[in-house]
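Taking it in order: structure first as structure tokens, then the write-up.
Computed from the coordinates by the stated procedures, all read-outs in this text should not be read as laboratory data. Everything numeric in this text was worked out from a predicted model, so none of it was measured. All Cβ positions, even for glycine, are placed from backbone atoms using ideal geometry, and neighbour counts span all protein chains on display.
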Amino acid sequence: MWPFRSRVAVKSDDPEELLRHWIIVLNGDICDELATPTIAKLLFLNYDDPKSPITLRITSLGGTVSAGMAIIDTIRTLRTSVQTEVPSYAHGIALAVFAAGEKGERVLGFQATCSMGDVRDCNKSIEDVRGVRQRMIDMFAELTGQIQEYVNQQMLLERSFNASDEISFGFADRIAVNAGEA
């Protein structure tokens, strides 16, 4: 069982069962086909009870910036808090979705790995890539409290982070060490 607590102990990895306990699972490449139902679930739970926190559990290698930004924009508009969890990995835009969670409620698995990655798309013009890259830099700087120049340097290096580095950089708030913590 996943080591983070929820409002009720859930002994299932079934996404529908987890949703009944206000846990949304975001597994796989973040694309429109994954973002749309995720956003619908966030909006539904917020409408159902805006005072109850939602947990968004992320395991993703990344995906499209537009789909990730749609999820982030939705999180920002909700009245309820969104707690984010990364049990194993979040890269690229998935890391940004994780960092968009409620400050103080962004939790990593003990051996979770994350990386910012670089925005590359051969099908876009160089101006489009630069614009997307700058939006990513702006977003990472805002979500982590880092200055844009430093974020840009780390993106150019395609920096990977271990759990303690993620806290130092500002992506996460705490690390779950055992099943009773978090």
### Query
Given R₀ = 35 Å, FRET efficiency for L19-I167 by Cβ-Cβ distance, to 0.05?
0.80
### Query
All other residues with a Cβ under 9 Å from the Cβ of A172 taken together, and with Lys, Arg as +1 and Asp, Glu as -1, what is their net charge?
0
### Query
Between F44 and R135, what is the label-to-label distance in nm when each label sits 7 Å out along the Cα-to-Cβ direction?
2.7
### Query
Given H placed on each backbone N at 1.01 Å, which residues far from T113 in sequence or on other chains put an amide H within less than 5 Å of it?
Y89, A90
### Message
Would you work out the Kirkwood radius for segment 56-106? I mean one over the mean of 1/r across all pairs of different Cα atoms, in Å.
### Response
10.8
### Summary
Here FRET efficiency (C-beta to C-beta, R159 to S66, R₀ 22 Å, nearest 0.05) is 0.40
### Task
Based on the mean of other Cβ atoms within 10 Å per residue, sort peptides 154-165, 22-33, 88-99 so the most packed one is first.
88-99, 22-33, 154-165
### Task
Just the number, please: Stokes-Einstein D of segment 39-177 in µm²/s, Kirkwood Rh from C-alpha pairs, 37 °C, 0.692 mPa s.
216
### Summary
Mean Cβ-within-10 Å packing, highest first, puts peptides 63-72, 103-112 in the order 63-72, 103-112
